[in-house]
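The structure appears below as structure tokens.
The values are calculated or read from the model by the stated rules, or taken from the named source; none is laboratory data. Please read all numbers here as calculations on a predicted model, not as lab measurements. In this analysis, Cβ positions are derived from the backbone assuming ideal geometry, glycine residues included, and neighbour counts consider all displayed protein chains.
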Amino acid sequence: MTEAFSEIQETFDFLDDWEDRYRHVIELGKSYAALDPALRVDTLKVEGCASQVWLLPRLEDGRFSFQGASDALIVSGLIAILAALYNDTSLAEARKIDALAEFGALGFDQHLSAQRSNGLRAMIERIATYLATQ
């Protein structure tokens, strides 16, 4: 697990109610270095999301990372959390990550709408598919 994701976990542990947690997710999305608009093309679009989502995964020098973007603030925050979980991990480490379990441990399994849960699963599946082909 990355240090960035551990910091998000600590913040979630500190924040008691979900309104505060959602505000934090939105702030994470606002501060996330989103994918350049010129790269938001159909081939990078994630199907299964209610909002528009693009993910650009890459493997450089044996380290996995991705950039993403969304037109929805909360989804941008979810992308930022996924990036904190995955970015700058080795390929072997990235393949071992159970992102749904990590999001569940943060409480998202009980606090995301069905549409957002489906979108989150679609993003995680896109990442897993990429990792499986490397």
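Is it the case that region 68-80 has a residue that's among the hydroxyl-bearing types (S, T, Y) and surrounded by 15 or more Cβ atoms within 10 Å (Cβ to Cβ)? Checking region 68-80: at least one residue is among the hydroxyl-bearing types (S, T, Y) and surrounded by 15 or more Cβ atoms within 10 Å (Cβ to Cβ).
Looking only at residues in region 81-95 that are in contact (Cβ under 8 Å) with a residue 40 or more places away in the chain and not polar (S, T, N, Q), the one that is surrounded by the fewest Cβ atoms within 10 Å (Cβ to Cβ) is L91.
Would you confirm whether or not region 49-57 contains a residue that is in contact with a helix residue (DSSP H, G or I) (Cβ under 8 Å, 6 or more places away or on another chain), surrounded by fewer than 20 Cβ atoms within 10 Å (Cβ to Cβ), at pLDDT 95 or above and within 21 Å of I8 (Cα to Cα)? Checking region 49-57: not a single residue is in contact with a helix residue (DSSP H, G or I) (Cβ under 8 Å, 6 or more places away or on another chain), surrounded by fewer than 20 Cβ atoms within 10 Å (Cβ to Cβ), at pLDDT 95 or above and within 21 Å of I8 (Cα to Cα).
Of all residues assigned to region 95-116, none qualifies as being over 18 Å from D20 (Cα atoms), aromatic (F, W, Y) and within 12 Å of the chain's Cα centre (by Cα). So which pairs qualify, if the first residue must be in region 1-30 and of a type in the set (S, T, N, Q), the second must be part of a helix (DSSP H, G or I), the Cβ gap must be under 7 Å, and the two must be at least 6 apart or on different chains? Matching pairs, first to second residue: T2/A84; T2/L85; Q9/L106; T11/H24. Just checking, does region 42-54 include any residue being in a loop (DSSP other than H, G, I, E, B) and polar (S, T, N, Q)? Scanning region 42-54, I find at least one residue that is in a loop (DSSP other than H, G, I, E, B) and polar (S, T, N, Q), so the answer is yes.
Selection of region 4-38 for residues being of a type in the set (F, W, Y) and under 24 Å from A69 (Cβ atoms) yields F5, F12, Y22, Y32. Can you confirm whether F5 is of a type outside the set (S, T, N, Q), modelled with pLDDT of 95 or more, assigned to a helix (DSSP H, G or I) and within 15 Å of the chain's Cα centre (by Cα)? Yes. When D36 is tested against (1) more than 15 Å from the chain's Cα centre (by Cα); (2) surrounded by 19 or more Cβ atoms within 10 Å (Cβ to Cβ), only condition (2) is not met. Give region 96-130 a look and list any residue that's in a helix (DSSP H, G or I), in contact (Cβ under 8 Å) with a residue 60 or more places away in the chain and farther than 19 Å from K45 by Cβ, or say none. The answer is E102, A105, L106, H111.
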